[in-house]
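Asker: What follows is a single structure, and I will ask about it in a moment.
The values are calculated or read from the model by the stated rules, or taken from the named source; none is laboratory data. Bear in mind that the values here come from a model prediction, so they are computed numbers and not experimental data. Cβ placement follows ideal geometry from the backbone for every residue including glycine, while neighbour counts extend to all protein chains displayed. The protein model used for the area step is the full one, side chains on, heavy atoms only, and it has no ligands, DNA or RNA in it. Shrake-Rupley method; radii C 1.70, N 1.55, O 1.52, S 1.80 Å.
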Amino acid sequence: VQLQASGGGLVQAGGSLRLSCAASGLSFTTHGMGWFRQAPAKEREFVAVISWSGTSTGYEDSVKGRFAISRDNAKNMVYLQMNALKPEDTAVYYCATPRQAYKASVFVTDYDFWGQGTQVTVSS
């Protein structure tokens, strides 16, 4: 399984970024996908999750209403649209998927495969 995250960068507070994650080596249509982030000296934390079909999503409270997760099962892609970015959103963002099919979770420990991460920096 390979996950390749991209789309990070430097943006001013209030700006937007769209992260992408390309997945290969798995039956993409049967796997939930999650986005997580890790700021310096902090634990990796949940950001957003989407079910294998795309019909269910979940968000960490601080990003609700600002971030939107989506997927394109025809392209094996998952996205994270981030709007109204704040300096506290600065982190390395990772896409991930569990080994188990038909599983979508908010817990870091439920995920087995991780992308390499993409840096998001929000300046004030």
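Asker: Apply the Karplus parameterisation 6.51 cos²θ - 1.76 cosθ + 1.60, with θ equal to phi minus 60°, to every residue of the stretch 112-124 and state each ³J(HN,Hα) to the nearest whole Hz, in sequence, with x for glycine and proline.
Answerer: Ordered by residue, 3J(HN,Hα) equals 10, 10, 10, x, 7, x, 9, 7, 10, 10, 10, 8, 8 Hz.
Asker: In whole Hz and in residue order, list the ³J(HN,Hα) couplings for the stretch 15-21 that follow from phi through the Karplus curve 6.51 cos²θ - 1.76 cosθ + 1.60, θ = phi - 60°; x for Gly and Pro.
Answerer: Once θ is set to phi - 60°, the couplings for the stretch 15-21 become x, 10, 9, 10, 8, 10, 9 Hz.
Asker: Oh, and also: Have a look at S105, S20, S53 and tell me which one the Gaussian network model of the chain (Cα, springs below 10 Å) gives the largest fluctuation.
Answerer: S53
Asker: With r defined as the distance between the Cβ atoms of A101 and Q12 and R0 fixed at 41 Å, what FRET efficiency is calculated, to the nearest 0.05?
Answerer: Numbers: r = 40 Å, r/R0 = 0.98.
With a Förster radius of 41 Å, E is 0.55.
Asker: Compute the distance from the alpha-carbon center of the stretch 35-68 to that of the stretch 109-124, in whole Å.
Answerer: 10 Å
Asker: Would you mind finding the longest exposed-site-free stretch of the chain, with exposed chymotrypsin sites (Phe, Trp or Tyr not before Pro) meaning DSSP loop and at most 11 other Cβ atoms within 10 Å? Numbers along the way, then the final one.
Answerer: Numbers: sites that count: Y102, F107.
In short, 1-101.
Asker: If the cut-off is a Cα-Cα distance under 19 Å, which aspartates and glutamates reach K64, setting aside same-chain residues fewer than 8 apart in sequence?
Answerer: Candidates past the 8-residue exclusion: E45, E88, D89.
Asker: Under 5 Å between amide H atoms, partner at least 5 residues away or on a different chain: which partners does H31 have, H built in plane at 1.01 Å?
Answerer: Counting only residues 5 or more places away or on other chains, the set is Y102.
Asker: Hey, what's the chain come to in accessible area per residue, 1.4 Å probe, Å²?
Answerer: Values: 6080 Å² over 124 residues.
The answer is 49 Å² per residue.
Asker: Rounded, prolate or oblate: which one fits the stretch 15-65, using the alpha carbon gyration tensor with axes a ≥ b ≥ c (rounded when a/c is under 1.5, else prolate when a/b beats b/c, else oblate)? Write down the numbers at each step before the final one.
Answerer: On the way: a/c = 1.86, a/b = 1.52, b/c = 1.23.
Prolate, since a/c reaches 1.5 and a/b exceeds b/c.
Asker: Within the stretch 90-107, whose backbone N sits under 18 Å from a point 7 Å along Cα→Cβ of K75?
Answerer: 95-96
Asker: When every alpha-carbon pair in the chain is counted, what percent end up more than 22 Å apart?
Answerer: 26 percent
Asker: Still on this structure, I have one more. Please calculate the 1.4 Å probe accessible area of V108, with all protein chains present, and give it to the nearest 10 Å².
Answerer: Per-residue accessible area (V108): approximately 50 Å².
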